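Participant: Can you read through this structure? Questions will come right after.
The values are calculated or read from the model by the stated rules, or taken from the named source; none is laboratory data. Given the structure is predicted, the values throughout are model-derived calculations rather than measurements. For neighbour counting, all protein chains shown are included, and Cβ atoms are generated from backbone atoms with ideal geometry for every residue, glycine included. The protein model used for the area step is the full one, side chains on, heavy atoms only, and it has no ligands, DNA or RNA in it. Shrake-Rupley method; radii C 1.70, N 1.55, O 1.52, S 1.80 Å.
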Amino acid sequence: MLEKVRKRAMSSFGEDLCVTVPSLFRCPISLDLMKSPVSLSTGVTYDRSSIQKWLDGGHNTCPATMQVLNSRDFVPNHTLHRLIQIWSESANEVLSASVPSKDQARELIAEMRRGSDSASATATEKLEQVARFGAESDENRRYLIRLDGFAALLVDLICNNADRDLAEQALKIAAATFSGEDSEARKLKDCVPSLLTFLQTSSSSDAKIAAAQVLEIIASDAESKTQISEHESLQTQLVKLVDQATDSTLLEAVLACLASLSLAKRVRVKLVRLGLVAKLANLLTSEKISVATTERVLKLMETVSSCEEGRREICEHPNCIPWILTKTMKVSTAATEHAVTILWSVCYLFRDQEAQEAVERNNGLTKILLVLQSNCAAGVRQMAGDLLKIFRVNSKSCLWSYDTKTSHIMPF
């Protein structure tokens with residue numbers, strides 16, 4: 001029951017449609033309803049999975065207070081867990097009472113398509129009921145996707161409705177309901193011009209997040225990627241949001257969208273020319289950047305490093321290689337993989353002299369050795385070994401006799 005309420009209460013449809021989760025019950029890291037609250041030695045409580053991921057990433061501080069931890073152990077907060085269970089049972093009763101049935105959801109959509117409402121407020125209420133139905137379960141979400149006329153209704157509301165609030169609500173439902181694997185999601189490509197308008201003019205971060213998410217869904221289709229590549233103003237706006245977004249959730253949604261779009265070489269080159277690499281490098285220098293955002297930044301930079309224009313920007317930017325090196329360790333397994341792949345691409349695969357010199361100047365060999373010492377994946381280990389081979393090592397270096405097949409090393 002707790003997981004069911006968590007999904008519904010934290011759904012992308014917005015808290016105004018569901019039950020507001022008390023701040024005490026939210027994990028300070030994920031902001032989700034806690035399933036297994038545990039307390040650190042600092043007295044701050046987190047969801048077990050979130051704090052475990054933080055500690056596994058090499059951190060030795062409390063995320064909320066940034067105090068150095070005397071102990072990495074945590075204690076289950078049984079009292080808070082019980083309070084969350086009691087609240088969840090009560091919230092589930094409220095939610096269940098307001099969720100329409102499948103027949104009611106189908107009729108609501110049919111009424112909206114017929115345009116039988118004389119007042120937009122009535123249409124908004126009906127759309128909110130449909131949102132509650134979709135948030136109830138994955139089965140309901142799939143039912144809406146298959147329902148004839150549902151996707152067309154959302155497209156019409158997003159593109160043609162003069163009521164901005166209603167259009168934003170339809171946009172949020174589209175983002176929460178569809179995935180790139182749904183064939184019906186292709187109909188959303190007609191919304192691309194409207195999505196640009198939301199990204200440019202909306203005062204709501206939630207609406208911008210939903211617009212970026214819908215773009216990512218659309219971009220999973222090759223034909224749609226081609227269509228999006230013609231909208232250079234859309235790509236320009238997304239790149240602007242990389243350093244303009246003050247909401248971390250919006251930033252992550254934009255980065256995820258750009259990562260999907262950049263899989264098309266045509267788009268990738270345009271994004272580089274719009275200054276994406278410099279903006280990504282600036283993000284890496286921020287002390288406030290989260291682990292999730294770091295992973296997305298490096299993943300996107302890895303993608304653009306596969307084109308000549310992207311590699312050139314990475315190599316010529318004064319801070320890019322140095323800051324990529326700082327992310328090779330003590331961030332996360334994914335960050336290490338992306339960082340090493342970027343270095344391998346520019347230094348080993350394409351033998352860029354500037355990049356090689358930047359690695360040497362910034363103590364990169366030591367960091368590569370540390371990656372080899374770590375419990376990294378076989379592919380990462382191979383790339384790190386390849387990187388060592390390309391650097392000239394003289395007899396005075398501690399690396400002169402180093403064998404890249406060695407499983408454990410002591411470089412100091």
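Participant: For the range 329-339, state whether one or more residues are under 22 Å from residue 238 (Cα atoms) and not in a helix (DSSP H, G or I).
Facilitator: No: the range 329-339 contains no residue that is under 22 Å from residue 238 (Cα atoms) and not in a helix (DSSP H, G or I).
Participant: Across the range 282-302, what is the number of residues that are under 13 Å from residue 254 (Cα atoms), in contact with a Ser or Thr (Cβ under 7 Å, 6 or more places away or on another chain) and among the β-branched types (Val, Ile, Thr)?
Facilitator: Result for the range 282-302: 1.
Participant: Continuing with the same structure: Return yes when residue 280 is touching a residue at least 12 places away in the same chain (Cβ under 8 Å) and over 15 Å from the mean Cα position of the chain (by Cα) and no when it is not.
Facilitator: So residue 280 does not fit the description; no.
Participant: Next question. What pairs come out if I take residues in the range 252-264 that are of a type in the set (Asp, Glu) and pair them with residues that are open to solvent by 10 Å² or more (accessible area, probe 1.4 Å) whose C-beta lies under 8 Å away, six or more apart or interchain?
Facilitator: Note: pairs meeting the criteria are 252/292; 252/296.
Participant: For the range 304-328, how many residues are in a helix (DSSP H, G or I), surrounded by 23 or more Cβ atoms within 10 Å (Cβ to Cβ) and of a type in the set (Val, Ile, Thr)?
Facilitator: 4
Participant: Out of the residues in the range 56-99 that are at pLDDT 85 or above and of a type in the set (Ser, Thr, Tyr), which is least open to solvent (accessible area, probe 1.4 Å)?
Facilitator: Top of the filtered list is 61.
Participant: Determine whether residue 173 is modelled with pLDDT of 90 or more and either within 20 Å of the chain's Cα centre (by Cα) or among the aromatic types (Phe, Trp, Tyr) (or both).
Facilitator: Working: modelled with pLDDT of 90 or more: yes; either within 20 Å of the chain's Cα centre (by Cα) or among the aromatic types (Phe, Trp, Tyr) (or both): yes.
Yes.
Participant: Here's another thing I want to ask about it. Give all pairs with beta carbons closer than 7 Å in which a residue from the range 350-368 that is modelled with pLDDT under 90 meets a residue that is basic (Lys, Arg); count only pairs at least 6 apart in sequence or on separate chains.
Facilitator: Sorted first by the residue in the range 350-368, then by its partner, the pairs are 350/311; 352/311.
Participant: Ok, one more. Restricting to the range 217-246, what's the tally of residues that are open to solvent by less than 50 Å² (accessible area, probe 1.4 Å), more than 20 Å from residue 273 (Cα to Cα) and not hydrophobic (A, V, I, L, M, F, W, C)?
Facilitator: Residues in the range 217-246 being open to solvent by less than 50 Å² (accessible area, probe 1.4 Å), more than 20 Å from residue 273 (Cα to Cα) and not hydrophobic (A, V, I, L, M, F, W, C): 2 in total.
Participant: Taking interchain pairs and intrachain pairs at least six residues apart, which have beta carbon atoms under 6 angstrom, with the first residue in the range 140-164 and under 20 Å from residue 211 (Cβ atoms) and the second open to solvent by 40 Å² or more (accessible area, probe 1.4 Å)?
Facilitator: 145/184; 151/184; 151/187; 153/113; 155/187; 155/190; 163/120
Participant: Would you confirm whether or not the range 135-153 contains a residue that is touching a Pro at 6+ places or on another chain (Cβ under 8 Å), open to solvent by 20 Å² or more (accessible area, probe 1.4 Å) and at pLDDT below 90?
Facilitator: Within the range 135-153, not a single residue is touching a Pro at 6+ places or on another chain (Cβ under 8 Å), open to solvent by 20 Å² or more (accessible area, probe 1.4 Å) and at pLDDT below 90.
Participant: Just for helices (runs of 4 or more DSSP H) wholly inside the range 148-263: which have at least 1 residues that are in the same structural domain as residue 135 (by the TED database) and within 23 Å of residue 112 (Cα to Cα)?
Facilitator: Hits in the range 148-263: 150-160, 164-177, 192-201, 205-218.
Participant: Determine if the range 26-35 includes at least one residue that is open to solvent by 40 Å² or more (accessible area, probe 1.4 Å) and of a type in the set (A, V, I, L, M).
Facilitator: Yes: one or more hits.
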